[in-house]
Amino acid sequence: MVCAMDNAELILVLGMHRSGTSAVTRALPCLGVDIGNVHLARYDNPKGFFEEPAFVHINETIFDALAVTWDGLESMDFRRLAVAAPDVAQRARLFLRIFCADGRRGLKDPRLCRLLPFWSSLFALEKIRSKAIIALRSPASVSASLMKRDGLSRERACALWIVYMCEALLASRNMPRIVVSYERLLRAPRNELTRLAHYLGLPLIDKELRSFTEHFLDPSFCHHSHGNGTANCGGTEEAQCAEALYQALLPFQVAYAGDELAKSRMERMCVALLGRFRKQSVLT
């Protein structure tokens, strides 16, 4: 039997689909964080997704068991997993024991924004320390990308951005976390990764940084850019609320940690937005 690992640490990359989570994850080796050798390139992300297949499969199993799709707004009732997917927690714990056996690892899947309460409970059981990186990209850019790739409406795309970001922010509030701007990472990778390294207490490895900037980063892949400091989502309720949340998050992309009052306001804002845009599950 494999024992729980007191020295295991996970660096979690949280963010909505099309928010730059792949780029942030690919940057983690610059800090000495192992992300494995899987990159899973595809036409809509030719440089790779950097997602662990076993992790993604477990997450997809949970979504399927709860009858929720990646672009669904239903609430996640994890209590139903005991009946709908009775072995998934055991599978997830086994995955963590194997994946974290080598110490500090990086883990990414946009679904984790919605599934973090499930995984966090297992981190505690396995004595795995976790830290979160919140990948921030303008909801206008994200929604434009989702409209083109998946045919979503702007309203739906903005509502999804709100739900994913709010759930990630609320579920990560008890772990160390930092906001990283996708746009700032593209423009000034050394500055952004120096800031990230300082916050996480990790070294910045020049050789890995050169490889990242010279062979991976490509600003041409940042389509639908809406600049810095404005979401410019349009006039719908969903767009206006997404812009308000984005504006509230902007100060955190330059600070190492916000003051407690700001965090408290952020939590209240997230709770209110989820109450407005997250649909109740229709499971019977």
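No lab work stands behind these numbers, since they all come straight from the coordinates. Predicted model only: the values in this text are computed from it and were never measured. For neighbour counting, all protein chains shown are included, and Cβ atoms are generated from backbone atoms with ideal geometry for every residue, glycine included.
A few remarks follow.
- Reduced Cα scattering model of region 21-150, Debye log10 I(q)/I(0), q = 0.10 Å⁻¹: -0.35
- Counted over all Cα-Cα pairs of region 70-211, pairs farther apart than 28 Å make up 31 percent.
- In summary, the convex hull built on the alpha carbon positions of region 9-277 has an orientation-averaged projected area of 13.2 nm².
- Neighbour-count ranking [beta-carbon atoms within 10 angstrom, fewest first] of H17, H57: H57, H17
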